[in-house]
Amino acid sequence: MNQDVKEFVGSHMIYTYENGWEYEIYIKNDHTIDYRIHSGMVGGRWVRDQKADIVKLTEGVYKVSWTEPTGTDVSLNFMPNEKRMHGIIFFPKWVHERPDITVCYQNDHIDLMEESREKYETYPKYVVPEFADITFIENAGIDNEDLISKAPYPGMTDDIRAGKRV
Ligand code: FER
């Protein structure tokens, strides 16, 4: 375990980008995330066990970066003390044109993602840089397999914020 990110590991957060897109992330351990996308261009998509680079930039500021099987690249800077985050997403052209292909439980469709990134166009990329407000944060411990274990549904983030088990 990278001691630098010890305090950040286990964070379970929900945040809303200034463009209205709502996301949920769980920092499962010092190199793995689970996430659900609740609204926006790829709302309904969810992923477990995505490998990511997770570092502490300075006190209270953490950066999480990874590349998806779809070819989408993501880099997120979390400032949990300020309940703020800045994310930048680099979507291949095809994901912007056919987001529906990526809206699934990705773990069951890795082959389709890898086939699609070869079959469809990558460039020009669709770049989305946005700040977000963190609307929920808790520490759910390390390697919690029950937390992100169901598909997103409308109203799920309200249920989580209300403390209802989902
Ligand atoms: C995020 C922005 C983008 C995020 C995940 C993504 C978990 C993933 C996008 C994709 O795979 O298409 O804030 O947080």
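The values are calculated or read from the model by the stated rules, or taken from the named source; none is laboratory data. It should be emphasised that the depicted structure is a prediction, and the values quoted were computed from it without experimental measurement. Every residue, glycine among them, receives a Cβ derived from its backbone with ideal geometry; neighbour counts consider all protein chains shown. Just the protein is used for accessible areas: all its heavy atoms, side chains included, with ligands, DNA and RNA removed. Shrake-Rupley method; radii C 1.70, N 1.55, O 1.52, S 1.80 Å.
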>> Can you tell me how many residues within region 103-141 are over 17 Å from the mean Cα position of the chain (by Cα) and of a type in the set (Val, Ile, Thr)?
In response: 1
>> Filter region 69-122 down to the residues that are open to solvent by 50 Å² or more (accessible area, probe 1.4 Å), under 22 Å from Ser149 (Cβ atoms), part of a helix (DSSP H, G or I) and not acidic (Asp, Glu) and list them by number.
In response: Asn107, Ile110, Leu112
> Got a number for residues in region 12-25 being surrounded by fewer than 20 Cβ atoms within 10 Å (Cβ to Cβ) and among the charged types (D, E, K, R)?
Replying inline: 2
> What single numbered condition from (1) over 23 Å from Thr135 (Cβ atoms); (2) at pLDDT below 95 fails to hold for Thr67?
Replying inline: (2)
> Which ones in region 26-44 are within 22 Å of Pro129 (Cα to Cα) and open to solvent by less than 10 Å² (accessible area, probe 1.4 Å)?
Replying inline: Tyr26, Ile27, Ile33, Asp34, Arg36, Ile37, Val42
>> Condition check: hydrophobic (A, V, I, L, M, F, W, C), open to solvent by 40 Å² or more (accessible area, probe 1.4 Å) and either over 25 Å from Glu7 (Cα atoms) or not in a strand (DSSP E or B) (or both). Does Val127 satisfy that?
In response: yes
> Quick check: anything in region 73-83 more than 9 Å from the ligand (Cβ to nearest atom), of a type in the set (D, E, K, R) and within 24 Å of Met156 (Cβ to Cβ)?
Replying inline: yes
>> Can you say whether Val9 is away from the ligand (no atom under 13 Å from the Cβ) and either open to solvent by 10 Å² or more (accessible area, probe 1.4 Å) or at pLDDT 95 or above (or both), as far as the supplied structure shows?
In response: yes
> without any contact (Cβ under 8 Å) to a residue 60 or more places away in the chain and within 8 Å of the ligand (Cβ to nearest atom), is that true of Thr70?
Replying inline: yes
> Are any residues in region 14-35 under 13 Å from Asn139 (Cα atoms) and of a type in the set (Ser, Thr, Tyr), and if so, which ones?
Replying inline: Tyr26
> Of the residues that sit in region 50-67 and are in contact with an Asp or Glu (Cβ under 9 Å, 6 or more places away or on another chain) and open to solvent by 60 Å² or more (accessible area, probe 1.4 Å), which one is farthest from the ligand (Cβ to nearest atom)?
Replying inline: Lys63
> For region 30-49, which residues satisfy the criterion of being more than 10 Å from the ligand (Cβ to nearest atom) and on the phi > 0 side of the Ramachandran plot?
Replying inline: Gly44, Asp49
>> Which pairs turn up if I take residues in region 130-150 that are on the phi > 0 side of the Ramachandran plot and look for partners that are modelled with pLDDT of 95 or more and not β-branched (Val, Ile, Thr) with beta carbon separation below 8 Å, at least 6 apart in sequence or on another chain?
In response: Gly141/Gly10; Asp143/Lys28; Asp143/Asn29
